[in-house]
Amino acid sequence: MSFRDDGHKAVDWAADYLERVGDLPVFAQVTPGDIRARLPQSPPEEAESFDAVLRDLDEIILPGVTHWQSPRFFAYFAVSAGGPGILAELLAATLNSVGVLWRTAPASTELELLTCDWVRQLLGLSGEWRGHIEETASQSTLAALMVARRTTGRNVIVCSDQAHSSIEKGARMLGMETRKVPTDSEFRMVTDGLELDDAAAVVAAVGTTSTTSVDPVAEIADRCAAAGTWLHVDAAYAGSAMVCPEFRWAFEGVHRADSLVVNAHKWLYVPMDCSLLFTRRPEAFRATFSLVPEYLRAAEQDAFNISEYSPSLGRRFRSLKLWATLRCYGAEGLRARIREAIRLAALFEGWVRDEPGWELCAPRPFSVVCFRKEGSDEENEAIVDRVNASGEIFISHTKLNGRYVLRLAIGNEHSTEDDIRRAWDALRDFG
């Protein structure tokens, strides 16, 4: 068969999958090792058809997929990839641009800078911010910590006890020390007594991982300015909500930060991976990462090479899927989807609040609800295990104040009130 014929089959498969994903068990119905055991243990000697690939995708691979595209996927930070971004991924793979330098991928380079600037405008940030794309928030934060260490000459990273684990992991990779500070009753960083004279960076959160709490960034910025400490803001999840002006209270003080991460692949409906790393101090990034060997020296002296501002040398044409999504959804389309997710979360929160024997465990500033059934940690863990094994929904958990807590995150653009109701009914049934 031709590439064109196989391509039609692949797009048809993708379209069919998106139409039926809501009918599939959300949580993969396999045990460790099942998928590998069903596949040949050695590569084929002779070429196989693409039809054979699609057949095994249906029969072997799909049963081992936990369906992040399902409207009843409510674990971690629920995300969904929209159609425009999915198709743009196909086009990016077709072009196969490798953005080592501007000259190796002019369109990729310039579109990346443009689309990041579009998002900057949508988030309400001033023109002094510049952004580029990294793979994940973990890598964006790692890059920011590298810059902070080189800029300050210090070796301590300060974050709250609710900060994402990637911060401590990044510190470990860099040989830096992590110092965690406590949080208040709403799981926000406590700034009283915050000592930063030896700190290379403070990582403040706009949307913590467990509860989506918002640290007092303005107060932290005051402390960082006085101590000469780099301020990095982790807004990987909640930053996208800033496209809605009514949620920009959460960005108070962010304009004074040195760097900021917002994941377009979390709540802007862009396929994984597309993490936007913004900074007000691009010169510090260039001083950290610019290393141009002779074989990469080019005649275009005024060209902007993103590789000089990032740990990565080669880079994919990720901006194409961001560009397609921003154009095909529009600012109002993005706002409507984010507002609907938050509305549904408020609806679910109300059901929990009104149900005897259940309790809310944290404030809900965005679209994540933290709750539990009255009883032991073991009983709540059993609820999660049973409801996930059923395939009806998929949720995750955290621990708050030493207690096992259920988390329901809403972010899929196709989730409806019916999906939320089915989740609540399943949780009560298994509880």
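Rounded to the nearest 5, the antiparallel percentage of DSSP beta bridges internal to the chain is 60%.
In this view, the solvent-accessible surface of Glu219, computed with a 1.4 Å probe and all protein chains in place, comes to about 90 Å². Full extension of the chain between Ala93 and Glu340 gives 85.7 nm of extra length, using 0.36 nm per residue less the Cα-Cα distance.
Label sites at Lys169 and Phe3, each approximated as a point 7 angstrom past Cα along Cα to Cβ, lie 3.6 nm apart.
Within region 398-425, what residues put their amide N at less than 19 Å from the label point 7 Å along the Cα-to-Cβ vector of Asp377? Of the residues in region 398-425, 398-408 have backbone N under 19 Å from the label point off Asp377.
Using the rule -39500 (n - 2.57) for each DSSP H run of four or more residues, divided by the residues of the chain, the 222 nm mean residue ellipticity is -12500 deg cm²/dmol.
Approximating the spin labels as points 7 Å out from Cα along Cα→Cβ, the Asp34-to-Glu59 distance works out to 1.7 nm. Among the protein heavy atoms, those of Thr178 account for about 40 Å² of accessible surface (1.4 Å probe, every chain in place). Simple spin-label estimate for Arg256 and Ala14 gives 4.5 nm between the two label positions (7 Å along the Cα-to-Cβ direction from each Cα). Averaged over its residues, region 378-431 has an accessible area of 43 Å² per residue, based on protein heavy atoms and a 1.4 Å probe.
Accessible surface for region 308-375, divided over its residues, is 39 Å² per residue with a 1.4 Å probe.
In summary, the helical segments of the chain meeting the span-like criteria, namely a full DSSP H run, a Cα extent along the axis of 24 angstrom or more and a mean Kyte-Doolittle hydropathy of at least 0.0, are 106-123, 319-354. For the chain, averaging the sequence separation of C-alpha pairs within contact (under 8 Å, six or more residues apart) and dividing by the residue count gives a relative contact order of 22 percent. Ranked by solvent-accessible area (1.4 Å probe, protein heavy atoms only, all chains present), the residues Ser42, Ser396 order from largest to smallest as Ser42, Ser396.
Averaged over its residues, region 1-63 has an accessible area of 76 Å² per residue, based on protein heavy atoms and a 1.4 Å probe. Our summary gives region 123-279 a relative contact order of 28 percent, counting only alpha carbon pairs under 8 angstrom and 6 or more residues apart. Placing a label point 7 Å from the Cα of Leu114 along the Cα-to-Cβ line, the residues of region 297-321 whose backbone N sits under 13 Å from it are 319-321. The lysine pair count for the chain, using Cα distances under 25 Å and pairs eight or more places apart or on different chains, is 8.
On the chain, 52 percent of the accessible area sits on carbon and sulfur atoms, based on a 1.4 Å probe.
The values are calculated or read from the model by the stated rules, or taken from the named source; none is laboratory data. Quick caveat, the model's predicted, so the values are computed rather than measured. Note: ideal-geometry Cβ built from the backbone for every residue, glycine included; neighbour counts use all protein chains shown. The area values use the complete protein model at the heavy-atom level, side chains included, leaving out ligands, DNA and RNA. Shrake-Rupley method; radii C 1.70, N 1.55, O 1.52, S 1.80 Å.
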